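Just below is one structure, and these are the notes that go with it.
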Amino acid sequence: MGLGLVSGLNLYATVLTVGLGIRLGLITLNPEMSGLAVLASPYVLIAAGVIYLVEFFADKIPWVDSLWDGVHTVIRPLGAAVIGATAVGAVEPQTAVVAALCAGVSLSGHSVKAGTRLLANHSPEPFSNIGLSLTEDGLVLGGVWLALTHPLIALVIVVVLVAIIIWCIPKLVRLLRRSGQTLRDFFSLRRPGSTHLEARTPRPPGAYRGGR
């Protein structure tokens, strides 16, 4: 579950962190999570590293990060589901349940990230995007460590965060709608031929006194 949440923030950083940690001996997997050893494969590490490098830069450019998030709305939850199923290993009904839970938690984390980025993109300066991106990378590192070393604590944190996310999502949606309307109004005012800033023809002086 903890890996599912951080996968919603950055799937490739999660895979790369777990894989490198296992390969370098920094992470010792519990027997019930032995299936994650596949993430230490050189092929998985190379693929995750290359795509993470692309995301590292794309994630810090205003509006490019939102486009990237839009493309990954399906990819991140699916990746989290695969990680969850791999961790369980055995092909049993519980595998499907774990995969579905990881996908749902990942989608929650992804939704909050994407919404936050949309709000940040309305800011004229680029530093908020860079700061958010670096913070998310740090959360991935901490989340992976917590999920693998203290899974029960990670589970409690995930449950609390998901509850907060569910409570916040309606408010975030309303805020995004208002922000989107404000942005549309802004561009409509600047559009040639816009009816919002129509030039008024001055009235003759006598028109203000009833024509006298």
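Please treat every number below as a calculation from the coordinates, not as lab data. Note that the coordinates shown come from a computational prediction; the quantities given were computed from them, not determined experimentally. Cβ atoms come from the backbone with ideal geometry, glycine included; neighbour counts cover every protein chain shown.
Data for the structure
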{"read-out": "For THR17, net neighbour charge (Lys/Arg +1, Asp/Glu -1) across residues whose Cβ lies under 14 Å away", "value": "-2"}
{"read-out": "Amide proton proximity set for ILE27, modelled H, under 5 Å, gap of 5+", "value": "ILE22"}
{"read-out": "Neighbour net charge for TRP68 - beta-carbon separation under 10 angstrom, K R +1, D E -1", "value": "-3"}
{"read-out": "At most 14 other Cβ within 10 Å, DSSP loop - chymotrypsin sites (Phe, Trp or Tyr not before Pro), region 9-78", "value": "TRP63"}
